[in-house]
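A short worksheet on the structure shown next.
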Amino acid sequence: MLNEAKLFVESMYKELDYDEQTILKRLNEIEQEILTMETYTHTQEELVYGAKMAWRNSNRCIGRFFWDSLTIKDARHIQTEHEFINTIENHIETATNNGKIKPYITIFSPHHPPQIYNNQLIRYAGYADKGDPAEKTITQLAEHLGWQGAHTDFDILPLIYKMSDGDLKYHNYNPEIIKEVPITHDRYPKLQQLGLKWYAVPIISNMDLKIGGITYPTAPFNGWYMVNEIAVRNFTDSYRYNLLESVAEAFEFDTLKNNSFNKDRALVELNDAVYHSFKNEGVSIVDHLTASKQFEMFEKNEYKNGREVTGKWSWLVPSLSPTLVSNYHHGYHNEIKDPNFHYKNTESTGCPFH
């Protein structure tokens, strides 16, 4: 822990132009605290900047250009169930920001924090014949606890949580704080008949935040959506909603034979529908080409500041028209640097902030 604390403090404090005397003083304080308590406490500034650095180091995230805009809610003092629920709902409401999505993280105590069992704070239930197949397990847990959904394709799951000294419970959100976007297409009105929609803000809640040797097990956070995440992955992956055929029928494409290229056309038009549906509702979303250009700017800024950009190539290249973006044509070192976000379940994949 002391070695990791030293690496973090020296890196952060030098980036913020602190002098050597201040750095040595802080390192001495941390060392004494670790020797006495076997842990140490981050200052407010360390917590804030450490969380921002964790986003900057997130290898799977294409949205890192905005790392310094992250808003940090210090919730380390939260102890009661009532405070916890209010803090979570406040995160949803603040991050949603009436559609103008705000990058936001809420960080609870590293010691005996409330546990969140959801993959994301907002997610749709998955049943045997309806909803999101990726959420079947957590849906079964919710039902085991007594929750009952309406059994549609888009039932908002409750928050499933456990206080450090309490039982496993669920909480139904105030529906007024959950913003959803109905998906339509101005040139293909039949798409509306499918009743597609998606929630506005992806708030990841199944990752540990690690800063300078301290692990924060409960630290839900969000950026905003890149359109492909919804249109290509969530809606058309075969193990998710698997809607490519239904969407193609709504677009009145007569065949999905490979050599007709209608699969590609359906995918492009569905991305168009999701993007403009979000924009029409005043909800932040970014297209894949703009996101890639922003990442290119992030790379230039990092190299300018003497920092290597690490990344996982397969997640930084968008899932639609990848050859049109610059980072398709070069690789990255997939070295994991802390501060960073770490999946609790090593089988989980995906971009942390999207």
| Filter result (in a loop (DSSP other than H, G, I, E, B) and out of contact with any His (no Cβ under 9 Å at 6 or more places or on another chain)) within segment 111-126 | 111, 112, 113, 114, 117, 118, 119, 122, 123
| field | Count of residues meeting criterion [in contact with a Lys or Arg (Cβ under 8 Å, 6 or more places away or on another chain) and part of a helix (DSSP H, G or I)] in segment 276-301 | value | 2
| said: Given the criteria of a type in the set (Lys, Arg), closer than 25 Å to residue 99 by Cβ, in a loop (DSSP other than H, G, I, E, B) and at pLDDT 95 or above, does residue 233 qualify? | reply: no
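Yes or no, residue by residue, for (1) over 21 Å from the mean Cα position of the chain (by Cα); (2) surrounded by fewer than 17 Cβ atoms within 10 Å (Cβ to Cβ); (3) modelled with pLDDT of 95 or more:
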{"site": "150", "(1), (2), (3)": "yes, yes, yes"}
{"site": "155", "(1), (2), (3)": "no, no, yes"}
{"site": "165", "(1), (2), (3)": "yes, yes, no"}
{"site": "191", "(1), (2), (3)": "yes, no, yes"}
{"site": "198", "(1), (2), (3)": "no, no, yes"}
{"site": "215", "(1), (2), (3)": "no, yes, yes"}
{"site": "243", "(1), (2), (3)": "yes, no, yes"}
{"site": "248", "(1), (2), (3)": "yes, no, yes"}
| request: Considering only segment 173-219, give the strands (runs of 3 or more DSSP E) lying wholly within it that have at least 3 residues that are β-branched (Val, Ile, Thr) and touching a residue at least 40 places away in the same chain (Cβ under 8 Å). | output: none
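Yes/no per residue for (1) within 19 Å of residue 310 (Cβ to Cβ); (2) of a type in the set (Val, Ile, Thr):
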{"position": "36", "(1), (2)": "no, yes"}
{"position": "42", "(1), (2)": "no, no"}
{"position": "47", "(1), (2)": "no, no"}
{"position": "50", "(1), (2)": "yes, no"}
{"position": "53", "(1), (2)": "yes, no"}
{"position": "57", "(1), (2)": "yes, no"}
{"position": "60", "(1), (2)": "yes, no"}
{"position": "67", "(1), (2)": "yes, no"}
| query | Looking at (1) assigned to a loop (DSSP other than H, G, I, E, B); (2) modelled with pLDDT of 95 or more; (3) not acidic (Asp, Glu), which is the only condition residue 139 fails? | reply | (1)
| field | Residue ranges of helices (runs of 4 or more DSSP H) in segment 16-107 with at least 3 members closer than 30 Å to residue 332 by Cα and either at pLDDT 95 or above or under 22 Å from the mean Cα position of the chain (by Cα) (or both) | value | 44-56
| So which of 337, 344, 312 is surrounded by 16 or more Cβ atoms within 10 Å (Cβ to Cβ), basic (Lys, Arg), within 23 Å of residue 134 (Cα to Cα) and in contact (Cβ under 8 Å) with a residue 60 or more places away in the chain? | 312
| query | Here is a list of conditions, (1) touching a residue at least 24 places away in the same chain (Cβ under 8 Å); (2) surrounded by 15 or more Cβ atoms within 10 Å (Cβ to Cβ), and residue 23 meets all of them except one; can you say which number that is? | reply | (1)
| message | Quick check on residue 181: is it crowded, with 21+ Cβ neighbours inside 10 Å, modelled with pLDDT of 95 or more and touching an Asp or Glu at 6+ places or on another chain (Cβ under 6 Å)? | response | yes
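The values are calculated or read from the model by the stated rules, or taken from the named source; none is laboratory data. From a predicted model like this one, the values you see are computed outputs, not experimental measurements. Counting neighbours? That spans all protein chains shown, and the Cβs are built from the backbone with ideal geometry, glycine included.
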